[in-house]
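These notes are about the structure you will find just below.
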Amino acid sequence: MDYNKICREVVAIATEAGKYIRQEHDSFDSSKVETKGKNDFVSYVDKTTEKMLVEKLSQLVPEAGFIAEEGTRKDKGEVYNWIVDPLDGTTNFIHGLYPVCISIALQENGKTVVGVVYEIGLNECFYASKGNGAFLNGKSIKVSDKQTLKDSLVGTGFPYSDYGKLNEFMSSMSDLMKNTHGMRRIGSAATDLVYVACGRFDAFYEYGLSPWDVAAGAFIVEEAGGKVSDFKGEDNYIFGKEMVAANNLVFNEFLSRVKSYLQ
Ligand code: 2AM
Ligand code: CA
């Protein structure tokens with residue numbers, strides 16, 4: 001498979017679907033929101049976008065299966081699978097905020113080979129294909145070269161339904177607030193990850209995330225020269241609901257700090 005070619009096609013598909021999300025963002029009626037579970041919101045925009053994406057991605061790689069947040073297709077492919085979040089940042093979306101993005105990853109035998117994150121607010125498309133590096137709107141991107149946590153800007157997400165590790169998480173934030181440049185909580189994990197990939201953030205961590213929130217962004221971080229892992233430092237970060245990402249220079253210091261609270 002020509003990963004680079006597939007990646008270009010996925011960028012076009014995401015950009016097209018992004019036009020629909022932008023239109024709806026500007027005229028969204030919040031009475032149309034449905035609740036899937038505690039603080040778990042969805043709207044017709046998530047579902048319509050997913051249908052548009054699934055239709056185009058099915059044509060692009062007919063043998064691929066799907067893991068998609070809204071479950072419009074659920075069949076697993078033997079070799080290839082798409083992991084799709086049609087709208088990451090739903091809480092931002094329903095409050096009229098950005099960032100809001102589309103996140104699409106293609107896996108081959110369980111390894112990501114293409115990742116696309118299209119952030120609609122700033123019209124920024126981040127993408128990577130295996131072995132070809134990472135890009136933002138056509139320009140090559142790299143993780144930052146900050147060497148220590150005290151010089152780092154750290155992204156995170158607050159727990160929103162699984163409060164099991166809330167005290168440990170608050171302790172980790174208290175430490176990071178005092179010992180870094182600062183922290184940001186922008187409301188879209190896929191966007192957090194690509195901000196690490198392009199060096200705006202130096203590090204990111206969050207627990208309780210789903211595969212579609214992180215699969216594409218984590219791959220883009222790796223192709224941009226960064227590192228990703230779960231809280232143990234191992235590689236169960238897509239399905240394991242724990243995510244640490246950073247540039248390669250601060251990664252170890254950051255992971256050991258996160259680990260000391262959350263492991
Ligand atoms: P979603 O918008 O696709 O649901 C941010 O912390 C991450 O957690 C986002 O990627 C977001 O993905 C997910 N999330 C799910 N429910 C959330 C909520 N109520 N508040 C914030 N983030 C939520
Ligand atoms: Ca979503």
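The values are calculated or read from the model by the stated rules, or taken from the named source; none is laboratory data. Since the structure is predicted, the reported quantities are computational estimates derived from the model, not experimental observations. Positions of Cβ are backbone-derived with ideal geometry, glycine not excepted, and every protein chain shown enters the neighbour counts. In case anyone asks, the SASA skips ligands and DNA or RNA and just uses the protein heavy atoms, side chains included. Shrake-Rupley method; radii C 1.70, N 1.55, O 1.52, S 1.80 Å.
What to note about this one:
- Annotation: extensible slack from Lys5 through Asn109 equals 35.5 nm (criterion: 0.36 nm per residue apart, minus Cα-Cα distance).
- Using the Cβ-Cβ distance between Ser210 and Lys150 with R0 = 41 Å, the FRET efficiency computed as 1/(1 + (r/R0)^6) comes to roughly 0.80.
- C-alpha long axis of helix 166-179 to longest principal axis of the chain, angle in °: 70 degrees
- Principal-axis tilt of helix 251-262 within the chain, Cα atoms, nearest 10 degrees: 80 degrees
- Loop-located trypsin sites (Lys or Arg not before Pro) across region 9-102 with a Cβ neighbour count of 15 or fewer within 10 Å are Lys38, Lys74, Lys76, with loop assigned by DSSP.
- In Hz, Karplus ³J(HN,Hα) per residue of region 86-93 (6.51, -1.76, 1.60; θ = phi - 60°; x = Gly, Pro): x, 8, 9, x, 4, 5, 4, 4
- Accessible surface, per residue, of the chain when the full set of protein chains is kept, probe 1.4 Å, Å²: 43 Å²
- Three semi-axes of the equivalent ellipsoid, region 149-262, Cα gyration tensor, whole Å, largest first: 18, 17, 13
- Extension gain from Glu63 to Lys178, taking 0.36 nm per residue of separation minus the Cα-Cα distance: 36.4 nm
- Largest to smallest principal axis extent of the C-alpha atoms in the chain, angstrom: 47, 44, 32
- Loop-located GluC sites (Glu not before Pro) in region 1-95, at most 12 other Cβ atoms within 10 Å (DSSP): Glu63, Glu78
- For the chain, the carbon plus sulfur part of the accessible surface works out to 48%, probe radius 1.4 Å.
- Taking the DSSP bridge list for the chain and keeping only pairs wholly inside it, about 80 percent are antiparallel.
- Rounded to 5, the percent of DSSP beta bridges in region 149-262 classed as antiparallel: 55 percent
- Angle in degrees between helix 3-25 and the longest Cα principal axis of the chain, rounded to the nearest 10: 90 degrees
- Over the chain, DSSP H runs of length four or greater, each weighted -39,500 (n - 2.57), average out per residue to a 222 nm ellipticity of -11500 deg cm²/dmol.
- Summarising the strand pairing of region 110-211, around 65 percent of its internal DSSP beta bridges are antiparallel.
- Spin-label pair Arg200/Lys36, simplified geometry with 7 Å Cα→Cβ offset, distance in nm: 2.4 nm
- Put a plus charge on the Cβ of each Lys and Arg, a minus charge on the Cβ of each Asp and Glu, and nothing anywhere else: the dipole of the chain about its Cα centre is then about 420 debye.
- The length gained on full extension between Ser171 and Ser27, counted as 0.36 nm times the residue separation minus their Cα-Cα distance, comes to 47.9 nm.
- Met52 accessible area, 1.4 Å probe, all protein chains in place, Å² to nearest 10: 60 Å²
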